[in-house]
Amino acid sequence: MNNTIQLSIEDYISKGLHRKCYRHPNDPNKCIKVNYNVGAEDETNREISYYKHLIRRNVSFDAIAKYYGPVSTNYGKGHVFQLIRDYTGEIAIPLEKYLADTKLTKQYYDDLVTSLRNLKSALLKDRIITMTIKSKNILFQHLSADNSRLIIIDNIGNSTLIPIANYIPFFAKAKIERTWQRFLTSIIKENSNNKLIIRLVDEVNQ
């Protein structure tokens with residue numbers, strides 16, 4: 001029996017530096033990430049190893065997409081993750097779109113402030129370490145008409161040679177704080193044309 005999942009161009013969602021993401025053809029709430037370039041395997045192995053570490057720790061996955069395991073596809077080995085959808089059924093849109101568009105920032109301003117605060121709290125609570133935090137790798141998920149959250153979908157894990165932050169809460173929280181502040185600095189820089197962003201970041205930090 002052939003258990004290879006057949007992916008097609010119709011399933012394609014997006015791609016990052018190393019992997020392409022496809023809708024799972026048999027499950028609308030899952031997606032499959034497949035490597036597509038040289039060097040991708042190390043990156044993927046590091047992330048999957050860290051996901052397994054989080055699963056062993058029984059974290060809540062309030063801040064990051066869930067991981068379900070490896071699969072075989074017609075494009076090679078893939079890994080199955082939660083596909084983040086809005087309550088309408090549409091695939092959630094990256095945070096960067098909401099920060100780049102002044103109208104969207106204004107429309108969802110309070111939700112964005114609350115969701116950013118909640119995201120940081122969730123990362124600290126579960127001690128989830130990320131390589132970097134980028135607005136293009138965070139989805140702004142609308143759970144209902146008036147309830148939203150932010151979910152990180154890429155760059156999960158720790159590239160440190162001796163990853164003590166994975167096991168010692170003090171170092172984990174310090175690393176998360178540093179990464180978070182770099183993230184806030186980056187969204188101000190990347191969205192310099194949006195005059196609301198500096199105020200938004202100030203409120204998030206309060």
Quiz item: Would segment 76-90 turn up any residue that is over 29 Å from Ile32 (Cβ atoms) and either buried (at least 17 other Cβ atoms within 10 Å of the Cβ) or not hydroxyl-bearing (Ser, Thr, Tyr) (or both)?
Solution: no
Exercise. Give the residue that is modelled with the lowest pLDDT, with candidates limited to residues of segment 168-189 that are within 25 Å of Glu203 (Cα to Cα) and in contact with a helix residue (DSSP H, G or I) (Cβ under 7 Å, 6 or more places away or on another chain).
Key: Ala172
Quiz item: In segment 155-166, how many residues are surrounded by fewer than 14 Cβ atoms within 10 Å (Cβ to Cβ) and part of a helix (DSSP H, G or I)?
Solution: 1
Quiz item: Does Thr114 meet the test of being within 22 Å of Arg199 (Cβ to Cβ), open to solvent by 80 Å² or more (accessible area, probe 1.4 Å) and of a type in the set (Ser, Thr, Tyr)?
Solution: no
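Can you pull out the residues in segment 28-64 that are in a loop (DSSP other than H, G, I, E, B) and open to solvent by less than 40 Å² (accessible area, probe 1.4 Å)?
Val59, Phe61, Ala63
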Quiz item: When you look at Ala165, is it in contact with a helix residue (DSSP H, G or I) (Cβ under 7 Å, 6 or more places away or on another chain) and small (Gly, Ala, Ser), yes or no?
Solution: yes
Quiz prompt | In segment 167-185, residue surrounded by the fewest Cβ atoms within 10 Å (Cβ to Cβ) [restricted to those that are assigned to a helix (DSSP H, G or I) and of a type in the set (Ser, Thr, Tyr)] | solution = Thr185
Quiz item: Restricting attention to segment 117-125, does a residue exist that is in a strand (DSSP E or B), open to solvent by less than 60 Å² (accessible area, probe 1.4 Å), touching a residue at least 24 places away in the same chain (Cβ under 8 Å) and more than 15 Å from Phe183 (Cα to Cα)?
Solution: no
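Residues Ile152, Ile133, Ile198: which one is open to solvent by 10 Å² or more (accessible area, probe 1.4 Å), over 21 Å from Lys106 (Cα atoms), modelled with pLDDT of 95 or more and touching a helix residue (DSSP H, G or I) at 6+ places or on another chain (Cβ under 7 Å)? Spell out the reasoning first.
Details: Ile152 fails: open to solvent by 10 Å² or more (accessible area, probe 1.4 Å); Ile198 fails: over 21 Å from Lys106 (Cα atoms).
Exactly one of Ile152, Ile133, Ile198 is open to solvent by 10 Å² or more (accessible area, probe 1.4 Å), over 21 Å from Lys106 (Cα atoms), modelled with pLDDT of 95 or more and touching a helix residue (DSSP H, G or I) at 6+ places or on another chain (Cβ under 7 Å), namely Ile133.
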Self-check item: Odd one out for Gly39 among (1) on the phi < 0 side of the Ramachandran plot; (2) at pLDDT below 95
Solution: (1)
Self-check item: Residue match in segment 91-100 (condition: open to solvent by less than 60 Å² (accessible area, probe 1.4 Å), in contact with a Pro (Cβ under 9 Å, 6 or more places away or on another chain), touching a residue at least 12 places away in the same chain (Cβ under 8 Å) and under 23 Å from Asn29 (Cα atoms))
Solution: no
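The values are calculated or read from the model by the stated rules, or taken from the named source; none is laboratory data. Remember, it's a predicted structure, so these values are computed and weren't measured experimentally. Quick reminder, even Gly has a Cβ in these numbers, built from the backbone with ideal geometry, and neighbours come from all protein chains shown. For accessibility, only protein heavy atoms count, side chains too; no ligands or nucleic acids. Shrake-Rupley method; radii C 1.70, N 1.55, O 1.52, S 1.80 Å.
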